[in-house]
Amino acid sequence: MAADLPLVLHVGGPKAGSSALQYDFTWNPRRPAHGRAGVTYEYVALNARGQLRRGPGLEEMASRFAAHYANSAAIESLLALPATRLAPCLEELHAMRREGIVPILSYELWLHADPALVERFVNLLEAPLEVVAYVRDPVSWLTSAYWQRHEAEATAVDDWLAAMLPLTRWADHLAVWRAQPAVARLAVRPADGSVAEDFCQVLGCPASQDDVRHNVALPGPFARFLTRFTLPPTTSVSELKFAWWRWVRSADNGSEAVAKLGSLPRVIGQPQLDTIIAATGEANRQLLALCDPATAARIEQDRRWWSADERDHRLGLPEETRSAAEAIVEADQLLALTLQATMAADAAWRRTTYELAESRRQCTELTATDLAHQIAASHADHERQVADHRCQELEHQRQQLDHRCRELEHRCRDLEWHLAAAQQRIAKLERRGCLPHPWRKAA
């Protein structure tokens with residue numbers, strides 16, 4: 001079966017629902033294939049240490065990451081591993097396919113990997129591949145990416161757009177994967193709605209019950225805070241966002257309070273919009289040729305891909321110049337919400353700590369009770385063993401007595417035989433007159 005079953009690679013793109021998909025599959029990694037008896041899809045992660053993480057290993061990886069999901073490593077990191085380190089992982093992937101399991105691997109930046117590295121990576125896997133990629137219209141993608149840029153990229157908007165525009169030419173990057181002989185199928189999908197559910201439809205497996213939307217945009221005040229404040233080099237904007245959102249949601253009415261803070265301010269104006277549409281139009285048309293007819297029709301009819309009209313895009317409100325006092329008020333609102341979430345998280349921590357202490361106390365009591373029962377059972381077992389030993393001794397004595405009785409019976413029978421023989425000899429001697437009759441007087 002290994003020759004028939006493929007490997008599934010979700011290659012991204014970034015900012016196109018990858019977090020939701022990876023979160024969903026990390027915590028529900030195994031799913032049966034519709035209409036294919038004995039075939040199962042399983043999400044796995046090939047990390048930069050040369051380990052193939054499955055099941056509990058995925059959960060352990062997720063516990064180390066603020067986003068709380070597991071994903072594979074960058075192609076350059078995997079190819080940098082020694083062959084001896086990577087070989088067991090590749091063999092395990094082959095073994096899974098022999099067992100009727102289709103492995104699913106995901107990393108959102110594989111779509112933008114260097115073409116030479118993609119070719120080496122594909123050849124290394126030595127399996128037929130099904131590649132799934134999600135794309136967004138360039139304007140919304142660039143707007144989203146702008147608020148997650150690193151401090152080193154905090155240049156003028158036009159300069160930043162010039163550097164990022166090549167990443168939105170999806171057809172150029174998808175063509176690299178399409179050119180690989182091992183790619184038996186390339187599924188290109190627009191990142192609209194639930195990406196995790198759509199991914200399951202593409203594969204033909206059950207979707208989760210919950211609609212997973214794991215990577216939510218920051219509110220306006222938070223985004224403006226990031227532009228005013230220089231984060232430490234070791235701080236990831238992505239992880240900061242995941243962590244902040246997790247604890248804000250723990251506060252009462254957290255989502256409503258965040259909505260009152262306002263949306264992200266506008267980044268792209270009409271000049272930038274004209275530039276984006278002009279620079280990506282040709283690649284967008286090439287993208288249609290890489291899609292199935294239904295997907296191509298959806299993209300072709302979506303004006304966000306083609307229009308330079310501001311009304312066809314959600315660009316946000318223009319950024320207003322704020323006075324120091326207004327900035328302080330905004331910061332205070334953000335701080336109040338953060339403190340509320342922190343208090344809710346602290347209350348949950350205290351409650352959980354108490355429940356944990358109670359659980360440990362109950363566990364100690366149950367352990368003591370169980371130990372007492374084990375000791376009592378051990379004593380009872382010892383007494384049973386002593387009684388069994390005594391019974392064995394008595395049985396041995398009975399057997400000895402039976403043996404002695406049989407010996408005595410045998411001796412009695414022997415003596416009776418000898419007595420009868422002696423009586424016969426005496427009677428014979430009497431008949432011959434060799435012995436006087438017992439009641440006759442001697443002459």
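Some notes on this structure:
- A Förster radius of 51 Å combined with the Cβ-Cβ distance from A80 to Q286 puts the calculated FRET efficiency at roughly 0.95.
- The candidate values were (1) 174; (2) 298; (3) 202; the one computed from these coordinates for volume of the Cα convex hull per residue in Å³ carries the label (2).
- Each of T40 and A66 was given a label point 7 Å from its Cα along the Cα-to-Cβ line. The distance between the two points is 3.5 nm.
- Counted as membrane-span-like here are DSSP H helices of the chain whose alpha-carbon atoms extend 18 Å or more along the helix's own axis and whose Kyte-Doolittle mean is 0.5 or above; there are none.
- Per residue of the chain, the DSSP helices (runs of n ≥ 4 H) give a summed -39500 (n - 2.57) that works out to -19000 deg cm²/dmol at 222 nm.
- Surface per residue (accessible, 1.4 Å probe) for the chain, Å²: 58 Å²
- Once the chain from T369 to A179 is taken as fully extended at 0.36 nm per residue, the excess over their C-alpha distance is 61.7 nm.
- Average Cα contact separation per residue, the chain, under 8 Å, 6 or more apart, as relative contact order %: 17 percent
- Alpha-carbon Rg/Rh ratio, for the stretch 256-413, with Rh computed the Kirkwood way: 1.64
- W27 versus A421: modelled label distance in nm, points set 7 Å from Cα along the beta carbon direction: 9.9 nm
- Cβ-Cβ FRET estimate between A87 and R120, R0 fixed at 22 Å, reported to 0.05: 0.90
- Once the C-beta distance of Q333 and Q201 is scaled by a Förster radius of 45 Å, the resulting FRET efficiency is 0.65 to the nearest 0.05.
- Accessible-area composition of the chain, carbon plus sulfur, in percent [1.4 Å probe]: 56 percent
- Stretch gain in nm, segment A377-R298, where the contour uses 0.36 nm per residue and the Cα spacing is subtracted: 21.2 nm
The values are calculated or read from the model by the stated rules, or taken from the named source; none is laboratory data. Bear in mind the structure is a predicted one, so any value in this text is a computation, not a measurement. Note that each Cβ is placed from the backbone with ideal geometry, even for glycine, and that neighbours are counted across all protein chains shown. For the accessible areas, the whole protein counts, side chains as well, though only heavy atoms, and no ligand, DNA or RNA atoms are used. Shrake-Rupley method; radii C 1.70, N 1.55, O 1.52, S 1.80 Å.
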